[in-house]
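Engineer: Questions regarding the structure given below will be posed in turn.
Here, each number is a calculation from the coordinates, and none is a lab measurement. Bear in mind the structure is a predicted one, so any value in this text is a computation, not a measurement. For neighbour counting, all protein chains shown are included, and Cβ atoms are generated from backbone atoms with ideal geometry for every residue, glycine included.
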Amino acid sequence: MTIATASVDQNTIRRRGTGLRAYNPDKAFKGYTLFTPLTGKGEVYLLNLEGEVVHQWNLPYSPGLYAYLLPNGNLFYNGKTLDIPPHFPLWAAFKGGVVLEADPKGNIIWEYKHPDHHHDGRRLRNGNTILLAIEKIPQSLIPRIKGGVAGTEADGDIYADVLYEVTPGGEIVWTWHAHEHLDPDIFTITPQDQRHEWTHGNTVGELADGSIIVSFRNISTVVIIDRNTGEIIWTLGDDVLAQQHFPNELANGNILIFDNGAHRRHTALNFSRVIEVNRQTKEIVWQYSDNPPQNFFSSYISGAQRLANGNTLITEGAFGRIFEVTVTGEIVWEYVNPHFAARNLGEKSAVASGEQNSVFRAFRYAPEEVPWL
């Protein structure tokens, strides 16, 4: 049977279908899925398993880049301010500028702005907030930074990440500078990336022991930092990872990582995978990839969350695809973000044009975690 139509949707992702794509009620983890379209103006959606929006926030800042729920049921949101000149052309793609806490009705009950904030900010157990930000590294260090595309520094400068711990009153009480702790002879920029950034952090979080975990995309490295000494006490690098996102600690102490797979050292094939790594041995003890592997690939953004029933919720961010797999890799729920819009990421960005439905991260919450619903 031939299907004829007068008009064919020219957006490949939308043409393949959006919204709820699969649902196995016997195997999916019961709860609600939270996501923020990157092309939105501040909308955050909470879905039931049928793919229906059951709650929505409309915040005064566009996403910079995602939101999650706090233990008290409020929303923690990383937003984007537009009043600061760019550090370099691609800065617009991932800059933030503001973090806030909002109640279920959207009332902002706490807000903090920093012009150099980007990607991630998280609430710590002590009530403070930790932010990813960028800063220029010392000029004397620039000749030692290896890798990247020659001549692509930001007017002769290179930026790296800095962490700030901020009190509810807005006081910075702890600072960590990446350039003071990373060895340029070991941590080199991926050859295809520009040299305006050395590290390009995309995740910061707190571990159960109080240490801080950070993901650096441009050097394909995850580090764990002792918060008391500032020393790096654990690394996983580009012999395993390729431009990864969202390392997060599991209940068993292992680290779950979305390994994007762009520019892998040991294979030319582009594919993504989600890996669970034993923190002590650095052995990969579980992983998910598709079959064939290239069917699952997001070169940037993305994340994965281990659910209470042992399943894993995965965000294939570039294509707005959120799906849940069992421990054996069986897909039991799938949803594709139906919200498309143009996302201007800067004149030199390869992903700057066309309508997109990208999602940075998504999270599933059990009903008892949203008692106000």
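Engineer: Subtracting the Cα-Cα distance from 0.36 nm times the residue separation, let me have the gained length for ASP157 to SER140 in nm, one decimal.
Structural biologist: Stretched out fully, the ASP157 to SER140 stretch lengthens by 5.1 nm.
Engineer: Using a Gaussian network model of the chain whose springs link C-alpha atoms within less than 10 Å, name the residue from GLN356, GLN139, GLN194 with the highest mean-square fluctuation.
Structural biologist: GLN139
Engineer: To the nearest 20 debye, what charge dipole does the chain have about its Cα centre, counting +1 at the Cβ of each Lys and Arg and -1 at the Cβ of each Asp and Glu?
Structural biologist: 740 debye
Engineer: Something else: For the range 1-123, what ratio Rg/Rh do Cα atoms give with a Kirkwood hydrodynamic radius?
Structural biologist: Looking at the range 1-123, the ratio lands at 1.08.
Engineer: Which shape class applies to the range 158-199: rounded if a/c is under 1.5, otherwise prolate when a/b exceeds b/c and oblate if not, where a ≥ b ≥ c are the square roots of the Cα gyration tensor eigenvalues?
Structural biologist: Prolate is the answer for the range 158-199, as a/c is 1.5 or above and a/b outweighs b/c.
Engineer: What percent of all Cα-Cα pairs in the range 173-332 falls into each 10 Å bin, going from 0 up to the bin containing the maximum distance?
Structural biologist: Reading upward from the zero bin: 10, 41, 35, 12, 1.
Engineer: Moving on to the next point. Calculate the FRET efficiency for ALA251 and THR81 from the Cβ-Cβ distance with a Förster distance of 35 Å, rounded to the nearest 0.05.
Structural biologist: Efficiency at R0 = 35 Å is approximately 0.45.
Engineer: Something else about it: Compare ARG144, ARG361, ARG16 in a GNM of the chain, Cα atoms joined below 10 Å, and give the one with the largest fluctuation.
Structural biologist: Residue with maximal mean-square fluctuation among ARG144, ARG361, ARG16: ARG16.
Engineer: Another one. Please give the contour-minus-distance gain from ALA342 to GLU283: 0.36 nm per residue of separation, less the Cα-Cα distance, rounded to one decimal in nm.
Structural biologist: Separation in residues times 0.36 nm, less the Cα-Cα distance, equals 17.2 nm.
Engineer: Exceeding 27 Å between C-alpha atoms, which entries from my cross-link table qualify? They are LYS41/LYS113; LYS27/LYS80; LYS80/LYS136; LYS30/LYS105.
Structural biologist: Among LYS41/LYS113; LYS27/LYS80; LYS80/LYS136; LYS30/LYS105, the Cα-Cα distance tops 27 Å for LYS27/LYS80.
Engineer: What distance in nm separates the simple spin-label points at ARG265 and ASP9, each placed 7 Å from Cα in the Cβ direction?
Structural biologist: In this crude label model, ARG265 to ASP9 measures out at 4.1 nm.
Engineer: Within the P(r) computed for the range 78-153, what percentage of the Cα pairs occupies the region above 20 Å?
Structural biologist: When all Cα pairs of the range 78-153 are counted, 46 percent exceed 20 Å.
Engineer: Report the paramagnetic label zone for ASN309: residues of the range 36-51 whose backbone N is under 19 Å from a point 7 Å from Cα along the Cα-to-Cβ axis.
Structural biologist: 47-51
Engineer: While we're here: First check a/c for the range 246-373, with a ≥ b ≥ c the square roots of the eigenvalues of its C-alpha gyration tensor; if it is under 1.5, answer rounded, and if not, answer prolate when a/b is larger than b/c or oblate otherwise.
Structural biologist: Since a/c reaches 1.5 but b/c is at least a/b, the shape of the range 246-373 is classed as oblate.
Engineer: Could you work out the Rg to Rh ratio of the range 102-258, with Rh taken as the Kirkwood radius (inverse of the mean 1/r over all Cα pairs)?
Structural biologist: That ratio is 0.98, to two decimals.
Engineer: List the equivalent ellipsoid semi-axes of the range 195-235 in whole Å, largest first, each obtained as the square root of 5λ for an eigenvalue λ of the Cα gyration tensor.
Structural biologist: Largest first, the range 195-235 gives 20, 10, 8 Å.
Engineer: Here's a follow-up. May I ask you to derive the relative contact order of the chain, considering only C-alpha pairs under 8 Å and at least 6 residues apart, and to give it as an integer percent?
Structural biologist: Result for the chain is 16 percent.
Engineer: Taking only the alpha carbons of the chain, what extent do you get along each of the three principal axes, in Å, biggest first?
Structural biologist: 66, 46, 45
Engineer: Still on this structure, please answer the following. For the chain, with a Gaussian network of springs between Cα atoms less than 10 Å apart, report the residue from GLN192, GLN287, GLN244 with the top mean-square fluctuation.
Structural biologist: Of GLN192, GLN287, GLN244, the most mobile in the Gaussian network model is GLN192.
Engineer: Starting from the Cα gyration tensor of the range 31-77, take the square roots of the eigenvalues, sort them a ≥ b ≥ c, and report rounded, prolate or oblate (rounded when a/c is under 1.5, otherwise prolate if a/b is larger than b/c, else oblate).
Structural biologist: Here the range 31-77 falls in the oblate category.
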